[in-house]
Amino acid sequence: MTATTTGFRHDPHKSVPRSSWPRPPRLLGEYCTDLSFMLGSLSIVMFWMFGFGILLGAGAIAAGIATYRHPAVEGNEPKGLEALLGILTGAFGIAAGLVFLAAALPNL
């Protein structure tokens, strides 16, 4: 047996005023996988610029770790692998920059 009501039903989602402006994406979230991979790739390409590749690699590792720990990425395997790829390219860029600095500094 079902009963119908004619009373007022309160919907909590409709009582919250919403803005018509679009929200910008959160910087430290699932969107930083591309940033991490881009910074890591640039650190590999620019390893010869006397420390600039090392800074880019550090930024890639920081962005990759921040992305990998984000709750939206934890259950998403492709995004997690992209974040890991950004971390690895950043580490390789740092290693290449350090090898270049070790070889170039004694000759200056």
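Details
- Only one entry of 31, 68 meets the criterion of being touching a Pro at 6+ places or on another chain (Cβ under 8 Å) and either basic (Lys, Arg) or at pLDDT below 95 (or both), and that entry is 31.
- Condition met for residue 85 (aliphatic (A, V, I, L, M) and surrounded by fewer than 17 Cβ atoms within 10 Å (Cβ to Cβ)): no
- Members of segment 38-75 that are in a helix (DSSP H, G or I) and among the charged types (D, E, K, R): 74
- Against the list (1) modelled with pLDDT under 75; (2) of a type outside the set (Asp, Glu); (3) open to solvent by 40 Å² or more (accessible area, probe 1.4 Å), the condition residue 98 fails is (1).
- Within segment 31-70, the set of residues being open to solvent by less than 20 Å² (accessible area, probe 1.4 Å) and either polar (S, T, N, Q) or under 13 Å from the mean Cα position of the chain (by Cα) (or both) comprises 32, 33, 36, 40, 43, 60, 63, 64, 67.
The values are calculated or read from the model by the stated rules, or taken from the named source; none is laboratory data. Treat the numbers as computed from the prediction; the structure is a model and nothing was measured. Note that each Cβ is placed from the backbone with ideal geometry, even for glycine, and that neighbours are counted across all protein chains shown. When the accessible area is computed, the model is the full protein with side chains, heavy atoms only, and any ligands, DNA or RNA have been set aside. Shrake-Rupley method; radii C 1.70, N 1.55, O 1.52, S 1.80 Å.
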